[in-house]
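A short write-up of the structure that comes next.
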Amino acid sequence: MHIDWSIVISVSIPLLAATSGQIIAHQLSQKREKQKHYNECFQNLYSPIIFLISDYIIAESIKMTYINQENYTEEEFEEKADNSYFNPDRIFEEILNLFSLNLRYAKHDLISEFYNVKVLYQMEKYQEIDRGGIADRIEFCYTFSKDYLVAAEKQGIVLPRKIKCDLFLLSLFNILRNCGCINLSNKIIEDYALLDHLSQKNALVLEAIKISNKFERNKSNGYRNKKVYTKAFEYLDELCRDIDLFIPKIAEVWKTEITKGKQYKSEYK
């Protein structure tokens, strides 16, 4: 049987073109939908909450100033800050409420941590448990900030100056906890003004984020990942030298706690 290839080709080309067009259109549609989802995630979840986190950190710093320098008790500060915007509990509750409204945009790990910190917050609010500090709240803020960085990178967002400072503080919190410097991590908010000044040194901020991310990626290796700890302690030593240039007294406190962290970690390697 003789095949008329001119007819086959004349029929096939339009079909192939139509099929290719449908595939390309489908891919473009998927890309647009994905970009739309990223935009919604950033606009509804990441962007508004990261700025609330920034306000929350400032509010906790103000609270520590009143308690440490003005000799306020927790109760006295809460009474004074009750009708103030910079009431840390009010801001943190706003963070939780906004997160609840936008759960569909969050990753599973972040949602899990959100529910943990929400339960603790509610139990503290209704005085079912004693307030155990703000470490759990800062831990949640740190986890959120990691996801924010990923979302901002996808959107090509240039980080505002105030957000860089917060990311610096939160990354340091994670590094200090991993290095066994719990006293420093629990009280890191007290050094907010100093860290805000140091965050102007962009290399310090980027290195803190980098090391913090390495700890997250190597969690399964635990104490065996000696390189990560070595790099982290080298970084903390460098940071202490920078702190010493401004406030030697605080630098001495940091050096003492970092030395304890080194000793603690060396016992488990």
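Details
- Any hit, region 68-81, residues being within 15 Å of I189 (Cα to Cα) and either outside the structural domain of L195 (by TED's automatic domain parsing) or outside any helix (DSSP H, G or I) (or both): yes
- Residue pairs whose Cβ atoms lie under 6 Å apart, sitting 6 or more positions apart in sequence or on different chains, and linking a residue in region 223-234 that is under 10 Å from C179 (Cα atoms) to a partner that is modelled with pLDDT of 85 or more and not in a helix (DSSP H, G or I), are A232/C179.
- Of everything in region 243-267 that is touching a residue at least 60 places away in the same chain (Cβ under 8 Å) and of a type in the set (F, W, Y), the residue that is farthest from E190 (Cα to Cα) is Y264.
- Output for region 211-236, where each listed residue is modelled with pLDDT under 90 and touching a helix residue (DSSP H, G or I) at 6+ places or on another chain (Cβ under 6 Å): N218
- L169 closer than 21 Å to A135 by Cα and in contact (Cβ under 8 Å) with a residue 40 or more places away in the chain: yes
- Residue match in region 134-151 (condition: under 17 Å from Y56 (Cβ atoms), assigned to a helix (DSSP H, G or I), modelled with pLDDT of 95 or more and among the basic types (K, R)): yes
- Exclusive hit being crowded, with 17+ Cβ neighbours inside 10 Å, closer than 23 Å to Y148 by Cα and not assigned by TED's automatic domain parsing to the domain that holds I134, set A208, A251: A208
- The test for being of a type in the set (D, E, K, R), surrounded by 19 or more Cβ atoms within 10 Å (Cβ to Cβ) and either modelled with pLDDT of 95 or more or under 26 Å from I163 (Cβ atoms) (or both) does not hold for D244.
- Matching residues in region 236-258 - criterion: being over 26 Å from the mean Cα position of the chain (by Cα) and in a helix (DSSP H, G or I): D244, L245, F246, P248, K249, E252, T256
- Screening the candidates R131, R104 for the property of being of a type outside the set (A, V, I, L, M, F, W, C) and either part of a loop (DSSP other than H, G, I, E, B) or in contact (Cβ under 8 Å) with a residue 24 or more places away in the chain (or both) yields one hit, R131.
The values are calculated or read from the model by the stated rules, or taken from the named source; none is laboratory data. This is a predicted model, so every value here is computed, not measured. Heads up, the Cβs are rebuilt from the backbone with ideal geometry, glycines too, and the neighbour counts pull from every protein chain shown.
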